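> Below is one structure. I have some questions about it.
The values are calculated or read from the model by the stated rules, or taken from the named source; none is laboratory data. Given the structure is predicted, the values throughout are model-derived calculations rather than measurements. Note that we place each Cβ from the backbone using ideal geometry, even for glycine, and neighbour counts take in every protein chain shown. In case anyone asks, the SASA skips ligands and DNA or RNA and just uses the protein heavy atoms, side chains included. Shrake-Rupley method; radii C 1.70, N 1.55, O 1.52, S 1.80 Å.
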Amino acid sequence: MRYLIKNGSIIDPARRVATVGNVLVENGKVARVIDLADLSTEQEPLGEGIEVINARGAVIAPGFIDLHTHLREPGEEHKETIATGTAAAARGGFTTVCAMPNTRPPHDRVGVVRQVLGAAREGGAVRVEPIGAITLGREGKNLTEMAELVEAGCIAFSDDGSPVSDPAVMRNALAYAAMLGVPIMSHCEDLKLSHGWAMHEGVISTRLGLPGYPAAAEEVQIARDIALAEMTGAHIHICHVSTAGGVALVRAAKQRGVHVTAEATPHHLTLTDRWVLGSLGEPNEQRAPTGRGKRKHKHDPELALPGWLDPTKIAPYDTSTRVSPPLRAEEDVEALIEGLRDGTIDAIATDHAPHSHVDKECEYRLAAPGISGLETALGLVLTLVHRGEMDLVNLIAKLTEGPASVLGRTPATLRPGSDADIVIFDPDYNWVVDTGKFASKGVNTPVNGQRLKGQVMLTMYHGAIAYRRGNFGGSTGILQQASRLEGILEDE
Amino acid sequence: MTTLTNTTVAASPATNSQSSPPRRRHVLDLDDFSRDEIIEILETTASMKEVLSRPIKQVPALRGTTVVNMFFEDSTRTRISFELAAKALSANVVAMTSKGSSVEKGESLIDTVRTLQALGANIIVMRHGESGAPYLVAQHFHGSVLNAGDGRHAHPTQALLDLFTINERLGRVEGLKVVIVGDIVHSRVARSNLWGLTAMGAQVTLCAPPTLLGPAALWTATWPNVTISHSLDACVAGADVIMTLRLQKERQEAGLLPSLREYSRVFGVNAARVKRAAPHCLVMHPGPMNEGVEIMPDVATSRQSVIETQVTNGVAVRMALMYRLAEVS
């Protein structure tokens, strides 16, 4: 099948391109990128067997790469499968997901990795890149057979969720991974300092009487891992940085030349610990500019609507807000956004962590931590663009070029000849999150029922349509502007 | 979920001065109680205390109402207090204890609640080790939930009985200097008293070592007029009320204190310290006491101690709350 994606705003951060134009897809590849200013192509016949996708008003970008996804298969298929997780990824605009190894059994041996890759080939909507476990059984003791795992297809190593506590083991893991040229992705948490935690330690935890996870529990571990990476010359990737102190540590290490990269999640970039208070707090507390940083806050009147990310819509102690690391304080969110802007944080990664009702319908501290994030990632992070805190090109870079560089890949791009992994999204599309429509089995998200601005319209993986919202782009004989299409598209 | 919101949405110190919510379905914490509502409850409590002084300590107010005491934590005294309160109002009372065992996860908690509902329970009195558990129950129960203590979070009936006792003895709460001393960070009694005392205009000082308190700013952000102190000697000077909290021995084992001996020396309420307070100063304790640790035996039994009165008033306060909740359901 051939596709001509017409009249969209092409944003290709890897090539520093932002223009209005057409993209021609043939044989699973990007065949041509046609700038609208180039009138010579207008008259060219397109030939037979081509579908024209009208992308007027929408953004055409390389497919997003998620460095941090929990697909739960094998072992916890009641929470998610590779099929449902990758379908959710496609709905979120992701064409590559890196699967974290904390499955049952974990990705600590070649057999499991082959099984994951096989299931992805058969039932996956998008590409799955497995991350191997650092240690056998994720127990923090014996290193896995990393060389063989890399041969089998692992692109990085992590004991996500069960951080390697023993610094000597971490040192060896880093040194060994450096030989293989792959990063260690570290979930930085000092388990002694965070012991028994329910939420971020701060004003809200003090009020609610919930045991806290202090920011320092993340920071001391980031400091340790940076020191070990510096010593071994290895590439350390800091997963889901959530604290201002963590951002500062990564920034300083980068300046020293340590091979460190970092990611932040959409929820840590947009939500705070105040969400745990739910309806107990003042209604509609808006994030006020702090005056730090130089960015200007655009005042989009729509952002002041009551429906805009309003924590009072949920009950107090709502377990959908429990996530690891926890939602942090306002200052931390500010610092994360600053870090994203200045390049300290390389990538936005979802930490998509689907859970079943059983894991969440319980007392707050006992609930499994995690947010189902693939399908709301874009809508959440576009909030930063709509608020004027981040420009759209840079934001897309954090979903494409940034994560590709963490993996040491040639950047995802729309260059002719590259794989046709493409996302088309409408940055201004207004919608209300409804977990009932999720492709993911995980409906655990605090933003259910919230209004977001920005939605994926179509995801193309290897030149085939992996997800399409309604009849988006269909030829109706009139010039469509996607953002005005609410009535036609509905929310399916 | 919406009904829960309705009863809790007015919650904030800023809105406390406004009129009370017309119909309260649950008592989960004091954070959503206005001054007026607290005064009404204290007035109802006085009537209930009068009932308890009669030869026949029973009125038919809750006849036909089923109260379930759902206690997931050991607490004989609180459970008996609630049971006596419900019986004095002629309610049918059932006790359900299941500490720890099979009820580990909320799935079972929700199941339990649904079962109790199907059995016709009208009011659930619940004690639970996890902060926030009553909010979960309130979302799944059509009747009323009365929080009898959840984790470190809230113990509203204790705070109300403390307010009643202070008001009964000193004639007012407003303007009084109240020192809460002890294991603040782990204390639901301290948190509920912070809401209640500040709503009533008392001046509250929290006194504890930093390991049992945390940074001052974490408290003053929610309760702006509260003072933080690490010196009991300094803050008892001129105090009208000294409220002592129970120190659990596990705190020392967890490394939060060098020793119970040192804790007692620095933060124990002893006669010398009480002497520095106002002559009429009340010494309070929510019980059970570790005499010789947070409070000295001679102080606990002194003329200024109102610890037994607190226990007596507890029954009356719980009657008042159940009575008001039954009016709604």
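> Take the residues in the range B:219-229 that are within 13 Å of chain A (Cβ to nearest Cβ) and within 21 Å of the chain's Cα centre (by Cα); name whichever of them is surrounded by the most Cβ atoms within 10 Å (Cβ to Cβ).
Residues of the range B:219-229 within 13 Å of chain A (Cβ to nearest Cβ): B:219-224, B:226, B:228.
Narrowing further to those that are within 21 Å of the chain's Cα centre (by Cα): B:219-220, B:222-224, B:226, B:228.
Working: B:W219: 24, B:T220: 15, B:T222: 20, B:W223: 18, B:P224: 9, B:V226: 17, B:I228: 20.
Here the answer is B:W219.
> For the range A:374-492, give me every one of the strands (runs of 3 or more DSSP E) that falls completely inside it and has 1 or more residues that are at pLDDT below 95 and farther than 26 Å from A:H240 by Cβ. It would help to see each step written out before you state the result.
Working: elements: A:422-432, A:451-461, A:464-468.
Output list reads A:422-432.
> Additional query: Can we say A:I34 is buried (at least 24 other Cβ atoms within 10 Å of the Cβ), of a type in the set (A, V, I, L, M, F, W, C) and either under 30 Å from A:A353 (Cβ atoms) or modelled with pLDDT under 95 (or both)?
no
> Next question. Can you pull out the residues in the range B:209-218 that are away from chain A (no Cβ under 13 Å) and either open to solvent by less than 60 Å² (accessible area, probe 1.4 Å) or in contact (Cβ under 8 Å) with a residue 60 or more places away in the chain (or both)?
Across the range B:209-218, the qualifying residue is only B:P209.
> Among the residues of the range B:209-249, write down those that are among the small types (G, A, S) and under 18 Å from A:G202 (Cα atoms). Lay out the reasoning, then the answer.
Residues of the range B:209-249 that are among the small types (G, A, S), as a first pass: B:214, B:216-217, B:221, B:229, B:231, B:234, B:237-239.
Correct list: B:G214, B:A216, B:A217, B:A221.
> Kindly indicate which of A:T96, A:T19, A:T69, A:T86 is among the β-branched types (V, I, T) and in contact with a Cys (Cβ under 7 Å, 6 or more places away or on another chain). Please lay out each step first, then the result.
Working: A:T96 fails: in contact with a Cys (Cβ under 7 Å, 6 or more places away or on another chain); A:T19 fails: in contact with a Cys (Cβ under 7 Å, 6 or more places away or on another chain); A:T86 fails: in contact with a Cys (Cβ under 7 Å, 6 or more places away or on another chain).
When all the criteria are applied, what remains is A:T69.
> Do we have A:L136 as modelled with pLDDT of 95 or more, on the phi < 0 side of the Ramachandran plot and within 24 Å of the chain's Cα centre (by Cα) here? Working first, answer last.
On the way: modelled with pLDDT of 95 or more: yes; on the phi < 0 side of the Ramachandran plot: yes; within 24 Å of the chain's Cα centre (by Cα): no.
So A:L136 does not fit the description; no.
> Let me ask you something else. Just to be sure, is A:I238 in contact with a Leu (Cβ under 8 Å, 6 or more places away or on another chain) and either surrounded by 19 or more Cβ atoms within 10 Å (Cβ to Cβ) or at negative phi (or both)? Can you show your working first?
Values: in contact with a Leu (Cβ under 8 Å, 6 or more places away or on another chain): no; either surrounded by 19 or more Cβ atoms within 10 Å (Cβ to Cβ) or at negative phi (or both): yes.
No: the conditions fail for A:I238.
> Consider the range A:176-200. How many of its residues are within 14 Å of chain B (Cβ to nearest Cβ), of a type in the set (A, V, I, L, M) and open to solvent by 10 Å² or more (accessible area, probe 1.4 Å)? Can you show your working first?
Restricting attention to the range A:176-200, the residues satisfying the condition of being within 14 Å of chain B (Cβ to nearest Cβ) are A:192-193, A:195-200.
Among the residues that remain, those that are also of a type in the set (A, V, I, L, M) are: A:193, A:198-199.
Okay, now just the ones that are also open to solvent by 10 Å² or more (accessible area, probe 1.4 Å), so A:193.
Matching residues across the range A:176-200 total 1.
> Among the residues of the range B:42-50, is there at least one that is open to solvent by less than 10 Å² (accessible area, probe 1.4 Å), within 22 Å of B:R191 (Cα to Cα) and either within 13 Å of chain A (Cβ to nearest Cβ) or in a helix (DSSP H, G or I) (or both)? Quick ask: steps written out before the conclusion?
So in the range B:42-50, the residues open to solvent by less than 10 Å² (accessible area, probe 1.4 Å) come out as B:45.
Within this subset, residues satisfying the condition of being within 22 Å of B:R191 (Cα to Cα) are B:45.
Restricting the remaining residues to those that are either within 13 Å of chain A (Cβ to nearest Cβ) or in a helix (DSSP H, G or I) (or both) gives B:45.
Yes; the residues of the range B:42-50 include at least one that is open to solvent by less than 10 Å² (accessible area, probe 1.4 Å), within 22 Å of B:R191 (Cα to Cα) and either within 13 Å of chain A (Cβ to nearest Cβ) or in a helix (DSSP H, G or I) (or both).
> While we're looking at this one, here's another question. Of everything in the range A:349-368, what is acidic (D, E), under 24 Å from A:C98 (Cα atoms) and open to solvent by less than 20 Å² (accessible area, probe 1.4 Å)? Give them in sequence order. Working first, answer last.
Quick first cut of the range A:349-368, residues acidic (D, E) only: A:351, A:359, A:361, A:363.
Right, trim to under 24 Å from A:C98 (Cα atoms) and you get A:351, A:359.
Answer for the range A:349-368, where residues must be acidic (D, E), under 24 Å from A:C98 (Cα atoms) and open to solvent by less than 20 Å² (accessible area, probe 1.4 Å): just A:D351.
> Against the conditions (1) among the basic types (K, R); (2) out of contact with any Pro (no Cβ under 6 Å at 6 or more places or on another chain); (3) open to solvent by 20 Å² or more (accessible area, probe 1.4 Å); (4) under 27 Å from A:H355 (Cα atoms), where does A:R409 fall short? Just the number, please.
(4)
> Restricting attention to the range A:201-228, and to residues there that are in contact with an Asp or Glu (Cβ under 6 Å, 6 or more places away or on another chain) and open to solvent by 10 Å² or more (accessible area, probe 1.4 Å), which single residue is farthest from the other protein chains (Cβ to nearest Cβ)?
So the residue we want is A:Q221.
> Restricting the search to the range A:161-214, which residues are farther than 29 Å from A:E363 by Cβ and polar (S, T, N, Q)?
If the condition is that a residue be farther than 29 Å from A:E363 by Cβ and polar (S, T, N, Q), then A:N172, A:S186 are the ones that fit.
> Suppose we filter A:I50, A:I60, A:I10, A:I82 for residues that are open to solvent by less than 20 Å² (accessible area, probe 1.4 Å) and over 21 Å from A:T413 (Cβ atoms); which single one remains? I'd like the intermediate steps shown before the answer.
Values: A:I50 fails: open to solvent by less than 20 Å² (accessible area, probe 1.4 Å); A:I60 fails: over 21 Å from A:T413 (Cβ atoms); A:I10 fails: over 21 Å from A:T413 (Cβ atoms).
Exactly one residue qualifies, and that residue is A:I82.
> Within the range A:250-262, how many residues turn out to be closer than 21 Å to A:A175 by Cβ and open to solvent by 10 Å² or more (accessible area, probe 1.4 Å)? Full working, then the answer.
Here is the first cut: in the range A:250-262, the residues closer than 21 Å to A:A175 by Cβ are A:250, A:253-254, A:256-262.
Checking the rest, the ones that are also open to solvent by 10 Å² or more (accessible area, probe 1.4 Å) come to A:254, A:256-259, A:261.
Matching residues across the range A:250-262 total 6.
> Please state which one of A:I396, A:I371 is open to solvent by less than 10 Å² (accessible area, probe 1.4 Å), more than 14 Å from chain B (Cβ to nearest Cβ) and closer than 23 Å to B:H140 by Cα. Talk me through it step by step, then tell me what you get.
Numbers: A:I396 fails: closer than 23 Å to B:H140 by Cα.
It is A:I371.
> Here is a further query. Which residues, counting only those in the range B:114-144, are touching a helix residue (DSSP H, G or I) at 6+ places or on another chain (Cβ under 9 Å), away from chain A (no Cβ under 14 Å) and small (G, A, S)? If you could, list the steps in order and put the result at the bottom.
Just the residues of the range B:114-144 that are touching a helix residue (DSSP H, G or I) at 6+ places or on another chain (Cβ under 9 Å), to begin with: B:114, B:117, B:121-128, B:130-133, B:135-144.
Going one step further and asking which of them are away from chain A (no Cβ under 14 Å), we end up with B:117, B:121-125, B:142-144.
Once the filter is applied, which keeps residues that are touching a helix residue (DSSP H, G or I) at 6+ places or on another chain (Cβ under 9 Å), away from chain A (no Cβ under 14 Å) and small (G, A, S), the range B:114-144 yields B:A121, B:G143, B:S144.
> Every residue in the range B:154-205 that is at positive phi and either open to solvent by less than 10 Å² (accessible area, probe 1.4 Å) or part of a helix (DSSP H, G or I) (or both), please.
Hit for the range B:154-205 is B:G182, nothing else.
> Also, I was wondering about something else. Here is a list of conditions, (1) within 14 Å of chain A (Cβ to nearest Cβ); (2) in contact with a Cys (Cβ under 8 Å, 6 or more places away or on another chain), and B:V189 meets all of them except one; can you say which number that is?
(2)
> Continuing with the same structure: List the pairs whose first member sits in the range B:147-159 and is more than 12 Å from chain A (Cβ to nearest Cβ) and closer than 21 Å to B:V179 by Cα, whose second member is of a type in the set (D, E, K, R) and outside any helix (DSSP H, G or I), and whose Cβ atoms are under 7 Å apart, counting only residues at least 6 apart or on separate chains?
Once the first residue is more than 12 Å from chain A (Cβ to nearest Cβ) and closer than 21 Å to B:V179 by Cα and sits in the range B:147-159, its partners that are of a type in the set (D, E, K, R) and outside any helix (DSSP H, G or I) give B:P156/B:D29.
> Considering only residues that are among the β-branched types (V, I, T), more than 14 Å from chain B (Cβ to nearest Cβ) and assigned to a loop (DSSP other than H, G, I, E, B), which ones fall in the range A:306-365? I'd like the intermediate steps shown before the answer.
Looking only at the range A:306-365, we keep the residues that are among the β-branched types (V, I, T), and these are A:312, A:314, A:319, A:321, A:323, A:333, A:337, A:344-345, A:348, A:350, A:358.
Those still in the list that are more than 14 Å from chain B (Cβ to nearest Cβ) too: A:323, A:333, A:337, A:344-345, A:348, A:350.
Once the filter is applied, which keeps residues that are among the β-branched types (V, I, T), more than 14 Å from chain B (Cβ to nearest Cβ) and assigned to a loop (DSSP other than H, G, I, E, B), the range A:306-365 yields A:V323, A:T344, A:I345, A:T350.
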